[in-house]
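Engineer: What follows is a single structure, and I will ask about it in a moment.
The values are calculated or read from the model by the stated rules, or taken from the named source; none is laboratory data. Since the model is a prediction, treat every value here as computed from it, not as a measurement. Heads up, the Cβs are rebuilt from the backbone with ideal geometry, glycines too, and the neighbour counts pull from every protein chain shown.
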Amino acid sequence: MRSPAALLAAVSFAALVFASARPGRAEQLDVVLQAGHQGRPASCAPLHVKKCNLGAGSPIGTERAWTPIVADAAARTLRADGFSVARRPADYAAHDRARFAAFIHFDGASPVCASGASAGFPLGTSPALAEHWRRFYAARFPFAFRGLNITTNESGYYGFRKVDAPEKLLIEFGELSCPAQAAWMKPRLDALGVLLAHFIEMDLAR
Ligand SMILES: [Zn+2]
């Protein structure tokens, strides 16, 4: 049995904790990581998603299978380094608040090998962040980095609206439909996740 004084202290501590949390708003996380297309098509109908894009594919692999591997490796790395992470699939009900949100994809193109790596960001994210990523990844990815916000699918990505964060980045790690790029990426999916985690950690330390 706790003394009345201890009980009072516990109650005031709880009041303090709850007062500091903004009511009705999600907890502030360090990082949100979304694996593009993960969980589709099953998640589309329950979450009223009309454009149920299943992602790119080739005989070497599918985007839906690859993005969770990258996202999980990035989440593991960030958590091991002490960062709080929400790991999200393509469709989910939650709305997150975070310092950084990354949306993980691989591109598909026709004709094949017409594309490569690219990245997208919304209004509100500094173009300098996307440019940092471009330079960071282009130095490691041995194929073309096509550019930033090269399509409206990139700049207007639906996932951006699921998160309040000052920094949001949609990442196309490479073209899955291009055999040479896919063959380079396939054995490196974990490594790509670790690379992304280290980039995010560098950014958050700035
Ligand atoms: Zn995609």
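Engineer: Which ones in the stretch 31-46 are aliphatic (A, V, I, L, M) and either at pLDDT below 95 or away from the ligand (no atom under 14 Å from the Cβ) (or both)?
Structural biologist: Going residue by residue through the stretch 31-46, those that are aliphatic (A, V, I, L, M) are 31-33, 35, 42, 45.
Matches in the stretch 31-46: Val31, Val32, Leu33, Ala42, Ala45.
Engineer: Would you mind listing the strands (runs of 3 or more DSSP E) fully within the stretch 77-194 where at least 3 residues are modelled with pLDDT of 95 or more and within 14 Å of the ligand (Cβ to nearest atom)? Working first, answer last.
Structural biologist: Numbers: elements: 85-88, 96-107, 117-120, 145-148, 167-175.
Because the criterion is at least 3 residues that are modelled with pLDDT of 95 or more and within 14 Å of the ligand (Cβ to nearest atom), the strands (runs of 3 or more DSSP E) in the stretch 77-194 that meet it are 96-107, 117-120, 167-175.
Engineer: Then there is this: Which one is farthest from the ligand (Cβ to nearest atom), of the residues in the stretch 47-59 that are surrounded by 14 or more Cβ atoms within 10 Å (Cβ to Cβ) and not hydrophobic (A, V, I, L, M, F, W, C)?
Structural biologist: Step by step, filter the stretch 47-59, then rank; the result is Ser58.
Engineer: Additional query: Looking only at the stretch 131-161, count how many residues are more than 27 Å from Asp96 (Cβ to Cβ) and buried (at least 17 other Cβ atoms within 10 Å of the Cβ).
Structural biologist: Within the stretch 131-161, the first condition is being more than 27 Å from Asp96 (Cβ to Cβ), and the residues that meet it are 135, 138-147.
Now narrow it down to the ones that are buried (at least 17 other Cβ atoms within 10 Å of the Cβ): 141, 143-146.
Counting residues in the stretch 131-161 that are more than 27 Å from Asp96 (Cβ to Cβ) and buried (at least 17 other Cβ atoms within 10 Å of the Cβ) gives 5.
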